[in-house]
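*Asks:* Sharing a structure with you now.
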Amino acid sequence: MHYVGRFAPSPSGPLHFGSLIAALGSYFQAKSCHGIWLVRIEDIDPPREIPGAASLILKTLEAYGLHWDKSVVYQSQRTEAYQTQIDHWLKEGTAYYCECTRKAIKNAGGYYPGTCRNKKLENNGQRAVRLKMSEPVISFTDRKHGQLTIPTKLANEDFIIKRRDGLFAYNLAVVLDDIDQGITEIVRGADLIEPTGRQISLYKILGQSPVSYVHLPLALDNHGNKLSKQNHAPAIDITHPKPALLDAMIFLGFEIMEDIKTAPVDEIIAWGVKNWQLSQLPGTLKVTPRFSNAFV
Ligand code: GLU
């Protein structure tokens, strides 16, 4: 089977050190397996998007020597496919409309207890769509970390596939796209371990063969918080990529010789592809980076 990997950023801001880790890890893994590496812009949540972020992300990837194969896929162009699948499940009775508020679910203990499962509610433009969970996944094997478990209550929840505001849910879009793009392995940050259970459930419900997973350690800031757009992680430098590139590669477990450090970006990336192996990754799921190359 030919390897197809991907990087799937949301355009909610410029790339930061944490997203660079995911981009590099997925790239090195795909290219060292002689595979292709695709980029998908996950732009289906307009309230969280920043104008211009998608094109800035693509330019930044290029500046870091990360060149994608095939055209970039935009989730905003794929909504018909998501709706077709939802309509099919609604018709079949595999999905249903739900009128429960967040507060009601919180009062019920935090997990959705299936209140609307058999109510046969109609669409009134204000209801979420939930999927009946017939294939709960409580653990899966990660190629780096071995068996990872998902909280049972979470795994059994009838989760939302279309939100009450009409936006498509991340888990549904990601799985339909990964299938459509023929992705064979998903390499991404450890913050996405919990959704992986739901995503494997979706593969099963859709009768699709599973893919493999590698979760990369999360980069933490000095306060122990995840580096993220929500936490205002600084954008990585697009004009001088080398300091952040080298720091991200050190974070990913590379031991970089002095002569590589002085090489041009494309050569550093090619060296990374040649030397990459999963065993070099830190064994823990959270790591505070040591910024040795003046990247702040
Ligand atoms: N779009 C998601 C994010 O930026 C990543 C999705 C994925 O890799 O599955 O966090």
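*Asks:* Just how large is the dipole of the range 24-180 about the Cα centre, in debye to the nearest 20, putting +1 at every Lys and Arg Cβ and -1 at every Asp and Glu Cβ?
*Replies:* My answer is approximately 580 debye.
*Asks:* Cα convex hull of the range 129-222: mean projected area in nm², to one decimal?
*Replies:* 7.1
*Asks:* Mind checking the range 245-278 for GluC sites (Glu not before Pro) that DSSP puts in a loop (not H, G, I, E or B) and that have at most 15 other Cβ atoms within 10 Å?
*Replies:* Glu255
*Asks:* Whose amide H sits under 5 Å from the amide H of Arg164, counting only residues 5 or more places off or on another chain, with H placed in the peptide plane?
*Replies:* Distant-sequence amide H within range of Arg164: Ala128.
*Asks:* Looking at Ile183, Ser228, Tyr203, which one has the Cα that reaches farthest to the positive end of the dipole of the chain (charges on Cβ: Lys, Arg +1; Asp, Glu -1)?
*Replies:* Going by the charge dipole, the pick is Tyr203.
*Asks:* Okay, next question. Roughly to the nearest percent, how much of the accessible area of the chain is carbon and sulfur, given a 1.4 Å probe?
*Replies:* 51
*Asks:* For the range 179-280, which semi-axes, largest first and in whole Å, follow from the square roots of 5 times the eigenvalues of its Cα gyration tensor?
*Replies:* Each semi-axis is √(5λ); the values are 30, 19, 12 Å.
*Asks:* Across bins of 10 angstrom width beginning at 0, how are the C-alpha pair distances of the range 1-109 distributed, in whole percent?
*Replies:* Taking every Cα pair in the range 1-109, the percentages come to 13, 32, 27, 21, 8, 0.
*Asks:* In addition: Would you please give the FRET efficiency between Asp259 and Gln280, computed as 1/(1 + (r/R0)^6) with r the Cβ-Cβ distance and R0 = 30 Å, to the nearest 0.05?
*Replies:* 0.95
*Asks:* Right, something else. Got a sec to turn the phi values of the range 148-156 into Karplus ³J(HN,Hα) couplings, 6.51 cos²θ - 1.76 cosθ + 1.60 with θ = phi - 60°, whole Hz, x for Gly and Pro?
*Replies:* 10, 10, 10, x, 4, 5, 5, 5, 8
*Asks:* How are the C-alpha pair distances of the chain spread across 5 Å bins, as whole percents from the shortest bin up?
*Replies:* Percent of pairs per bin, in order: 1, 5, 11, 15, 17, 17, 13, 9, 6, 3, 2, 1, 0, 0.
*Asks:* Also, I was wondering about something else. Identify the residues of the range 99-134 with backbone N under 18 Å of a label point that sits 7 angstrom from the Cα of Thr152 along the Cα-to-Cβ direction, or state none.
*Replies:* Label zone hits: 109-114, 133-134.
*Asks:* Could you pull out every Cys in the chain that lacks a partner Cys with its beta carbon under 4.7 Å away?
*Replies:* Unpaired cysteines in the chain: Cys33, Cys100.
*Asks:* Given a 1.4 angstrom probe, what's the average accessible area per residue across the range 106-164, in square angstrom?
*Replies:* 60
The values are calculated or read from the model by the stated rules, or taken from the named source; none is laboratory data. This is a predicted model, so every value here is computed, not measured. Virtual Cβ from ideal backbone geometry, glycine too; neighbours counted across all protein chains shown. Calculation scope for accessible area: heavy atoms of the full protein, side chains included, ligands and nucleic acids excluded. Shrake-Rupley method; radii C 1.70, N 1.55, O 1.52, S 1.80 Å.
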